[in-house]
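The values are calculated or read from the model by the stated rules, or taken from the named source; none is laboratory data. As the structure is a prediction and not an experimental result, all values here were calculated from the model. All Cβ positions, even for glycine, are placed from backbone atoms using ideal geometry, and neighbour counts span all protein chains on display.
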Amino acid sequence: MAEKLTVARPYAQAIFSLAQEQDQIDQWSQMLELLEEILSGKEILRLHDDPRVDDHQILEIIASVAGDGLNPMGKRMVETLIERDRLGLVPEIRALFEVERDAVQGRVEAEVISAVPLSAGQKETFENALKRRLQREIHLNCLVDETIIGGAIVRAGDMVIDGSVAGQLEKLATRLSH
């Protein structure tokens, strides 16, 4: 995954720069979301790997499925990704684009993993605490993972706070073994 992100990063940065120049960040976000959806079924990627189907045919299939959701610059981007055999990187390109978008718009995506579903009040507490700490708007995703036993793990950008019982037990086991 890290290798895919490394390869996808220059594409995402170039697309984001273009989107900023054109003042079309939201439109590009929508195009990338649409492309990810189109490619999620894997049929087009399989066609792309078929030697009987040329790059122009793949581009035309994607363009016809996307319809008006893909402007001429978006079509050119798809053409470039096809030519460079990078079509499979669209999910990573989109994810990196959204990170750039969130940074420019003062938002951050955060994730809270807990052993049980959080109540509305708990979600609000996490959101407010992260908002104060990071000085940004927070988009909070809550996940449940019973294997952490209790507590929570919080991820926001590069920050990770492991307040889970499983994490604490692991730290204790490490200290005891040394």
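The requirement of being among the hydrophobic types (A, V, I, L, M, F, W, C), at pLDDT 90 or above and in contact with a Gly (Cβ under 9 Å, 6 or more places away or on another chain) is not satisfied by A173. Test F97 against the criterion of being over 19 Å from Q22 (Cβ atoms) and either surrounded by 16 or more Cβ atoms within 10 Å (Cβ to Cβ) or assigned by TED's automatic domain parsing to the domain that holds I44 (or both), and give yes or no. Judged against the criteria, F97 is not a match.
Residue-wise test of (1) surrounded by 15 or more Cβ atoms within 10 Å (Cβ to Cβ); (2) of a type in the set (S, T, Y); (3) in a helix (DSSP H, G or I).
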position: P10; (1), (2), (3): no, no, yes
position: F16; (1), (2), (3): yes, no, yes
position: G41; (1), (2), (3): no, no, no
position: P51; (1), (2), (3): no, no, no
position: I62; (1), (2), (3): yes, no, yes
position: A66; (1), (2), (3): yes, no, yes
position: K75; (1), (2), (3): yes, no, yes
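Can you find, within the range 45-73, the residue that is farthest from the chain's Cα centre (by Cα) among those that are farther than 24 Å from A19 by Cβ and of a type in the set (V, I, T)? The qualifying residue farthest from the chain's Cα centre (by Cα) is V53. For the range 65-79, indicate whether the set of residues that are of a type in the set (D, E, K, R), at pLDDT 90 or above and closer than 21 Å to H139 by Cα is non-empty. No, every residue in the range 65-79 fails to be of a type in the set (D, E, K, R), at pLDDT 90 or above and closer than 21 Å to H139 by Cα. Among the conditions (1) out of contact with any Gly (no Cβ under 8 Å at 6 or more places or on another chain); (2) more than 21 Å from S164 (Cα to Cα); (3) loosely packed, with under 15 Cβ neighbours inside 10 Å, D145 misses just one, which is (2).
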